[in-house]
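Before any comments, here is the structure.
The values are calculated or read from the model by the stated rules, or taken from the named source; none is laboratory data. Owing to the predicted nature of the structure, the values given are computational and were not obtained by experimental measurement. Ideal geometry is used to build each Cβ from the backbone, glycine not excepted, and the neighbour counts take in all protein chains shown.
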Amino acid sequence: MKYTTLPNTDIKVSKICLGTMTFGNQNTEAEGHEQLDYAFGKGVNFIDTAELYPVPATAEISGRTSKIIGTWLKKTGNRDKVIIASKIAGSGDYTAHIRTTGFSPSAIKEAIDLELERLQTDYIDLYQLHWPERDTNRFGTRTFNLDTKWKDNFNEILHSLDAEIKAGRIRNIGISNENSWGTMRYLEEAKHHNLPRVATIQNAYSMLTRTFETDLAEVALRENVGLLAYSPMAFGVLSGKYINGTAADNARLKLFPRFARYSGEQATEASKKYLKIAEANNMTLAQMSLAFVNQRPFVTSTIIGASKLKQLKENIDSINVTLSEDILNQINEVHQAIPNPAP
């Protein structure tokens, strides 16, 4: 395994982060524990969860993922050996079963109270805002409409998180599904009011989704905010199993076809071209896809997840793959021909 540090901290994290949003839905508690055991044994010390998980989110199973991680932590005694990242759910219809109070001070306190209980721990190493409270472009939205009802609360949010840091319940903070303006607003509030500084941003990033590079990559590098890249395999599309027709009946996009962000015509065409590059260079598409993300200079850690242990093994092994300049040029040629087919 390779390691780095969370920006502006002394926390050492693996370059591969274990994503867990299948735990409690596609994966049982026993399977979740098996994945955690395997990843930990391979040097993965970074685990990402959220109060929203598992996905798809429903009131019946909300929070089950973190409970599974919590029972693993209690069983193994590994709490001080791993870095736990979690998230408070943003507001909206999708999360109304959790709360309807956004990122208010009481909501942040309640969310952390409940998550600490589920995880069976006294603290969370990295606490993230799952998506902006304001209605802005996220999850692949292409058009922009200004949210005129939202009231600026960046300062209030940071004050609430500052209180939780001082209480020892969280150690660092991050944002997720955020844009450049929101990222800079958090950084400026922290700078001018002596408030906690955002360490990371967790956004979608893969060979099919490179919109992070348009402006957020520069923010990340110049302001030292590390990208935690999620969906680096584009919901499994970049494994090649849907192209080749080898996806199992319980594969994510077969179980949940509404998650079609990475399944459009252009995304499929780009994936076929990437598959040819991988095969010509004697590697799987999954290995090439993850190695590409791992090598980006603005990526702190790549969040990988799998419903099967075999998939997890292949994904973790991507840390040992280094793409040559020639392969990177070939990938960029496809990107120039079919740019961001699944933003």
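Restricting attention to the range 130-141, the residues being buried (at least 16 other Cβ atoms within 10 Å of the Cβ) and either aromatic (F, W, Y) or closer than 25 Å to W72 by Cβ (or both) number 2. Of all the criteria given as (1) modelled with pLDDT of 95 or more; (2) within 22 Å of A85 (Cα to Cα), the one not satisfied by A234 is (1).
Matching residues to (1) outside any helix (DSSP H, G or I); (2) more than 23 Å from the chain's Cα centre (by Cα); (3) over 14 Å from T49 (Cα atoms):
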| residue | (1), (2), (3) |
| --- | --- |
| R138 | yes, no, yes |
| T141 | yes, no, yes |
| N145 | yes, yes, yes |
| D152 | yes, yes, yes |
| N155 | no, yes, yes |
| H159 | no, yes, yes |
| A163 | no, yes, yes |
| I175 | yes, no, no |
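Among (1) hydrophobic (A, V, I, L, M, F, W, C); (2) at pLDDT 95 or above; (3) under 24 Å from K15 (Cα atoms), where does I338 come up short? It is condition (3) that I338 fails. Scan the range 96-117 for residues that are closer than 26 Å to K75 by Cα and surrounded by 20 or more Cβ atoms within 10 Å (Cβ to Cβ) and the total you get is 3. Within the range 197-217, does at least one residue satisfy the condition of being among the aromatic types (F, W, Y), in a loop (DSSP other than H, G, I, E, B) and at pLDDT 95 or above? Yes.
Taking the criterion of being outside any helix (DSSP H, G or I), of a type outside the set (K, R) and within 11 Å of A229 (Cα to Cα), the residues of the range 279-310 that qualify are F298, V299, T300, S301, T302, I303, I304.
A quick yes/no check of all residues on (1) surrounded by 13 or more Cβ atoms within 10 Å (Cβ to Cβ); (2) within 16 Å of the chain's Cα centre (by Cα):
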| site | (1), (2) |
| --- | --- |
| F298 | yes, yes |
| K310 | no, no |
| K313 | yes, no |
| N320 | no, no |
| E325 | no, no |
| I338 | yes, no |
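Might you let me know whether the range 71-81 holds any residue that is assigned to a loop (DSSP other than H, G, I, E, B) and in contact (Cβ under 8 Å) with a residue 24 or more places away in the chain? Within the range 71-81 (the criterion being assigned to a loop (DSSP other than H, G, I, E, B) and in contact (Cβ under 8 Å) with a residue 24 or more places away in the chain), the answer is yes, since at least one residue qualifies. The residue that is farthest from E178 (Cα to Cα), among those in the range 62-110 that are touching a Gly at 6+ places or on another chain (Cβ under 6 Å) and at pLDDT 95 or above, is I68.
For the range 110-127, does any single residue satisfy the condition of being small (G, A, S), more than 21 Å from N45 (Cα to Cα) and either part of a loop (DSSP other than H, G, I, E, B) or in contact with a Pro (Cβ under 7 Å, 6 or more places away or on another chain) (or both)? No: zero hits.
The set of residues in the range 71-110 being under 28 Å from E34 (Cβ atoms) and among the small types (G, A, S) consists of G77, A85, S86, A89. Residues that are among the charged types (D, E, K, R) and either under 17 Å from S307 (Cα atoms) or in a strand (DSSP E or B) (or both) within the range 9-52 comprise K12, E29, E31, E34, D37, D48, listed in sequence order. Residues that are out of contact with any helix residue (DSSP H, G or I) (no Cβ under 7 Å at 6 or more places or on another chain) and among the charged types (D, E, K, R) were ranked within the range 172-199; the one that is surrounded by the most Cβ atoms within 10 Å (Cβ to Cβ) is E178.
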